[in-house]
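See below for the structure under consideration.
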Amino acid sequence: MTNILIVDDEEVERDGLEMILKKNFTDIVIQQAKNGRLAIEIASDFQPDLVFMDIQMPGMTGIEVIEKMKSYYPRMKFILVTAYATFDYAKEAMRLGVVDYLVKPSRIKEIVETVEKVLNQIKGEQQRVEAMKQQENTLQIAMSLFETDVVTQLLFDHVHEVHLEKLLEMLDIQATEEKFVISLIVPDGFEATYSKVRGKLNQTGSGLVGALYGRQLPIIVFRKQDQSFRSQAIMLAKEILSLNTAGEATGWFVGIGTVYNSLSQIRQSYQESLIATRDTSIPRKFQFYEELPALVSGIDEETTKQSEQQYFDHIRNGEWDEIFQRIAHIIDRLEQEGTMVKQTQQRVMELFWIATRILSEMGVESDVPLYSFKSTDYRQLRAEARHLLDRMRESYEKHLASMEVDTIQQMKQYIIDHAHEDISLEAVGREVGLSPIYISKIFKEQLGINYINFLTECRIEKAKRLMRDPLKSLKEITFEVGYHDPNYFSKVFKKICHSSPKEYRKKLLSKVE
């Protein structure tokens with residue numbers, strides 16, 4: 001529907017023009033104004049796409065009205081209606097961007113042809129605007145998927161610098177040397193609030209949001225140079241928790257890992273942030289890892305961190321005998337130290353709590369009721385721990401058994417077939433029934449390559465094949481293989497092929513000739 005406003009101090013002129021327009025055009029809505037000031041008032045609500053503007057009117061002239069309305073609505077189109085076809089008017093009209101003019105009295109044919117031309121122009125611009133909006137939405141979705149995949153790969157594997165640099169550039173995030181991870185623990189049904197958390201992080205310009213794994217959401221944060229680590233982390237935690245409009249009963253909690261300089265240590269900060277969520281009952285609803293006693297004590301801080309790392313790895317690798325030995329060792333040591341059973345029980349419960357978090361990452365839903373601990377002595381505690389661990393092991397093995405033998409090949413083929421689309425680890429996970437993190441783990445262990453690099457290789461190989469067609473432009477190839485930015489495509493291509501797309505294609509086509 002196109003809105004048209006007719007501005008003229010002569011009612012007969014307005015009515016005559018409206019009759020001609022309604023007789024020759026459909027899908028139009030017309031309003032009239034008898035002077036310039038009224039036209040400006042009507043335009044604020046009516047938002048006309050096209051305005052017929054008489055030049056000579058009492059009060060404001062047509063030129064003055066156009067100048068005023070153009071300042072408010074730069075996309076609005078104007079057809080000047082005048083009985084004086086002078087050079088001065090034409091010159092001023094051109095300066096204001098008037099698309100055409102009609103000299104009174106005008107023939108019906110001339111009016112219709114002029115309006116047809118302008119309406120086609122308006123339609124073309126509207127289509128271009130819609131196309132740009134669609135492209136922006138598509139890019140936004142692609143960036144969102146890319147962001148969650150990069151976070152997953154950073155936490156559980158490695159991301160090539162070219163991918164990370166581009167992501168930070170697109171999201172306008174100021175990367176710094178120091179980084180830490182926070183884990184947001186949320187209740188079921190959190191999906192509706194996920195976009196709010198992402199929006200809050202985008203506003204800060206300092207964080208990357210991962211995918212939601214079970215009830216936990218990892219966020220990588222770049223430390224700001226003008227703030228201390230603690231003040232930045234506390235402020236961010238409070239801002240995120242403020243999004244929980246349902247109140248404390250919904251179970252939101254933020255665990256905060258340690259700051260590290262290297263990307264290779266991001267995984268350590270993530271695991272620390274998970275450990276920091278082991279007691280969600282504290283009133284402030286956020287906790288720093290550095291404030292907690294060690295989950296699995298060692299001789300010193302370094303061996304403690306190594307011990308915690310081994311515990312995480314044992315769970316992810318399904319090494320249940322080692323897990324039980326570790327828990328049994330802690331029970332034995334605390335008993336020897338004379339620790340009360342209830343305190344030891346709390347420590348064991350924390351170990352199980354972390355185990356359920358890690359299994360949740362992998363898509364293993366454990367129904368182990370941690371509240372079932374009712375031990376009154378150490379013998380009971382050992383038996384109860386063994387029983388709960390066996391149940392957790394059953395859930396893990398049941399999950400593995402549900403995987404088909406050809407799952408890896410199925411994942412590879414799905415990525416090859418859909419590489420040109422905005423696919424993500426979650427999309428692959430839905431296809432094969434596995435969690436994004438577990439897919440990342442399988443890729444690294446079974447194929448020796450991470451998911452993002454495999455997806456990139458698929459796209460680059462397709463680009464090489466398309467380059468054999470001299471009629472396809474490099475820009476067309478960029479979009480056809482799944483990229484939204486030719487510059488980014490060029491960077492990735494050069495990193496893998498050691499030459500730019502232009503250079504590669506030139507050599508390729510010269511060999512064909």
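Which of the residues belonging to region 34-57 are more than 19 Å from residue 75 (Cβ to Cβ) and open to solvent by less than 30 Å² (accessible area, probe 1.4 Å)?
Listed by number, the residues that qualify are 36, 54, 55, 57.
Residue by residue through region 35-55, note down the ones that are in a loop (DSSP other than H, G, I, E, B) and out of contact with any helix residue (DSSP H, G or I) (no Cβ under 7 Å at 6 or more places or on another chain).
To start, the set of residues in region 35-55 that are in a loop (DSSP other than H, G, I, E, B) comprises 35, 47-49, 55.
Correct list: 35, 47, 48.
Scan (1) open to solvent by less than 50 Å² (accessible area, probe 1.4 Å); (2) under 24 Å from residue 83 (Cα atoms) for the single condition residue 67 breaks and write down its number.
Only one criterion is unmet by residue 67, namely (1).
Take residue 351 and tell me if it is open to solvent by less than 20 Å² (accessible area, probe 1.4 Å), farther than 21 Å from residue 154 by Cα and outside any loop (DSSP other than H, G, I, E, B).
Here the answer is yes, as residue 351 does meet what is asked.
Right, residue 513: at pLDDT 90 or above, more than 27 Å from residue 217 (Cβ to Cβ), of a type outside the set (Phe, Trp, Tyr) and open to solvent by 20 Å² or more (accessible area, probe 1.4 Å) or not?
When the stated conditions are applied, residue 513 does not pass them.
Taking into account only those residues within region 274-312 that are at pLDDT below 80, of a type outside the set (Ser, Thr, Tyr) and in a helix (DSSP H, G or I), which is most open to solvent (accessible area, probe 1.4 Å)?
301
For residue 434, indicate whether it is within 21 Å of residue 146 (Cβ to Cβ) and part of a loop (DSSP other than H, G, I, E, B).
Numbers: within 21 Å of residue 146 (Cβ to Cβ): yes; part of a loop (DSSP other than H, G, I, E, B): yes.
Here the answer is yes, as residue 434 does meet what is asked.
Residues that are within 23 Å of residue 436 (Cβ to Cβ), among the hydrophobic types (A, V, I, L, M, F, W, C) and at pLDDT below 75: does region 390-397 have at least one?
No, because not a single residue in region 390-397 is within 23 Å of residue 436 (Cβ to Cβ), among the hydrophobic types (A, V, I, L, M, F, W, C) and at pLDDT below 75.
Criterion first (loosely packed, with under 15 Cβ neighbours inside 10 Å and closer than 19 Å to residue 153 by Cβ) does residue 444 satisfy it?
Considered against the rule, which asks whether it is loosely packed, with under 15 Cβ neighbours inside 10 Å and closer than 19 Å to residue 153 by Cβ, residue 444 comes out as no.
The values are calculated or read from the model by the stated rules, or taken from the named source; none is laboratory data. Given the structure is predicted, the values throughout are model-derived calculations rather than measurements. Note: ideal-geometry Cβ built from the backbone for every residue, glycine included; neighbour counts use all protein chains shown. Accessible surface areas use protein heavy atoms only, side chains included; no ligands, DNA or RNA. Shrake-Rupley method; radii C 1.70, N 1.55, O 1.52, S 1.80 Å.
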